[in-house]
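Enquirer: Structure incoming, see below.
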Amino acid sequence: MFKVLLVEDEDMIRRGIRFSIDWVQYDCIVMEEGLNGQDGYEKICELKPDIVITDITMPIMDGISMIREGLKQHTFSSIIISGYNEFHLAKQALQLGVTEFLVKPLEDEQLVEALESAKSKVDLLRKYEVISKHPQEKEEIISSKFLEKETKTSKYVSKMIAYVQENYAKKISIHDLVEELGLSAYYLNQKFKAETSYTFNDFLNRYRIQKSIDLLKSGDNKVYTIAQDIGFSDYKYFISIFKKYAHVTPSQYQEYFEKKQS
């Protein structure tokens, strides 16, 4: 699974991108969010993401500088999301090897296509990084699957993610997996957090909120029925969890999305 860092100083835009697609479906997970370029740079150094998605104009450090400095510390592919008035910076972005330069407002299909390109790019970058260190093993490296360990999720975490995808609408917990996987809930949670940066329960709630946003976008369902459809029996608790992750209420998000579409 490819680890993604999302850097954007505008909260609503950042949250909009964060919940725009089902990242897990595309073998990705948003491991963290950066609030500005400096914050993003520090998180690149600390978390070593595979893909960085960033705005350009941000406080303290802009996106171009963040990518430039970050690449000195860690290898990753990057996607820039900018406004029309920032397109003149595309040349600088290309010189840094930015995978995609997308213009706001962003369509989900554009983001998915950019992600696929970024995944291929970071695999290629790391392959050549290893080749440069072991030139005598070039052919073996090119033909092997040696890089799989870099982004491959362990079998335990893969099963936990699949369990959430299949059962998020039900009442579930990490304890449901203890007997099946033969490991303690504590160990599974530690393993899950090490690979995804989230606890199992945090991931489950985020996944449910992602699914609720998909339903809110359709405009065909009442908020209280959406809560039940994604596994929340308590409507008020659903509202509080939604606000925790999306920073707005479900009704406010629905209103924001409708205005965005009009």
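Enquirer: Do any residues in segment 233-262 that are small (Gly, Ala, Ser) have Cβ atoms under 9 Å from those of residues that are surrounded by fewer than 16 Cβ atoms within 10 Å (Cβ to Cβ), where the two are at least six apart or on different chains, and which pairs are they?
Expert: Ser233/Lys171; Ala246/Gln252
Enquirer: So Glu109 clears everything in (1) farther than 24 Å from Val157 by Cβ; (2) touching a residue at least 60 places away in the same chain (Cβ under 8 Å); (3) charged (D, E, K, R) except one condition, right? Which one?
Expert: (2)
Enquirer: Looking at segment 228-244, which of its residues are surrounded by fewer than 18 Cβ atoms within 10 Å (Cβ to Cβ) and not aliphatic (A, V, I, L, M)?
Expert: Listed by number, the residues that qualify are Gln228, Asp229, Ser233, Asp234, Tyr235, Lys236, Tyr237, Ser240, Lys243, Lys244.
Enquirer: Now, a different point. Please enumerate the residues belonging to segment 180-208 that are within 18 Å of Pro250 (Cα to Cα) and either outside the structural domain of Ile241 (by the TED database) or of a type in the set (A, V, I, L, M) (or both).
Expert: Listed by number, the list holds a single entry, Leu204.
Enquirer: Which one of these does Ser233 not meet: (1) over 23 Å from Pro105 (Cβ atoms); (2) part of a helix (DSSP H, G or I)?
Expert: Every listed condition holds for Ser233 apart from (2).
Enquirer: Suppose the filter is of a type in the set (Val, Ile, Thr), at positive phi and open to solvent by 20 Å² or more (accessible area, probe 1.4 Å); does Ile13 pass it?
Expert: For Ile13, the condition - of a type in the set (Val, Ile, Thr), at positive phi and open to solvent by 20 Å² or more (accessible area, probe 1.4 Å) - is not met.
Enquirer: Moving to a separate point now. Any idea which of (1) closer than 23 Å to Met160 by Cβ; (2) of a type in the set (Phe, Trp, Tyr); (3) assigned to a helix (DSSP H, G or I) is the one Phe257 doesn't satisfy?
Expert: (1)
Enquirer: Another question, then. Do you know which residues across segment 68-102 are among the hydrophobic types (A, V, I, L, M, F, W, C) and modelled with pLDDT of 85 or more?
Expert: Those that are among the hydrophobic types (A, V, I, L, M, F, W, C) and modelled with pLDDT of 85 or more: Leu71, Phe76, Ile79, Ile80, Ile81, Val98, Phe101, Leu102.
Enquirer: Which of the residues spanning segment 45-68 are touching a Gly at 6+ places or on another chain (Cβ under 9 Å) and over 23 Å from Val112 (Cβ atoms)?
Expert: Within segment 45-68, Cys45, Thr57, Met58, Pro59, Ile60, Met61, Asp62, Ile64, Ser65, Met66 meet the criteria.
Enquirer: Within segment 179-227, take every residue that is buried (at least 20 other Cβ atoms within 10 Å of the Cβ) and among the hydroxyl-bearing types (Ser, Thr, Tyr) and give me the one that is farthest from Tyr156 (Cα to Cα).
Expert: Ser212
Enquirer: So in segment 209-236, with the set limited to residues that are of a type in the set (D, E, K, R) and closer than 15 Å to Tyr253 by Cα, which one is modelled with the lowest pLDDT? Let's see the steps before the verdict.
Expert: In the first step, residues of segment 209-236 are kept if they are of a type in the set (D, E, K, R); the result is 211, 214, 217, 220, 222, 229, 234, 236.
Remaining after also requiring closer than 15 Å to Tyr253 by Cα: 211, 214, 217, 220, 222.
Details: Lys211: 94, Asp214: 89, Lys217: 84, Asp220: 72, Lys222: 86.
Of everything passing the filter in segment 209-236, Asp220 is modelled with the lowest pLDDT.
The values are calculated or read from the model by the stated rules, or taken from the named source; none is laboratory data. All figures in this text were calculated on a predicted structure; none of them were measured in a lab. Please note: Cβ atoms are built from the backbone with ideal geometry, for glycine as well, and neighbour counts cover all protein chains shown. In case anyone asks, the SASA skips ligands and DNA or RNA and just uses the protein heavy atoms, side chains included. Shrake-Rupley method; radii C 1.70, N 1.55, O 1.52, S 1.80 Å.
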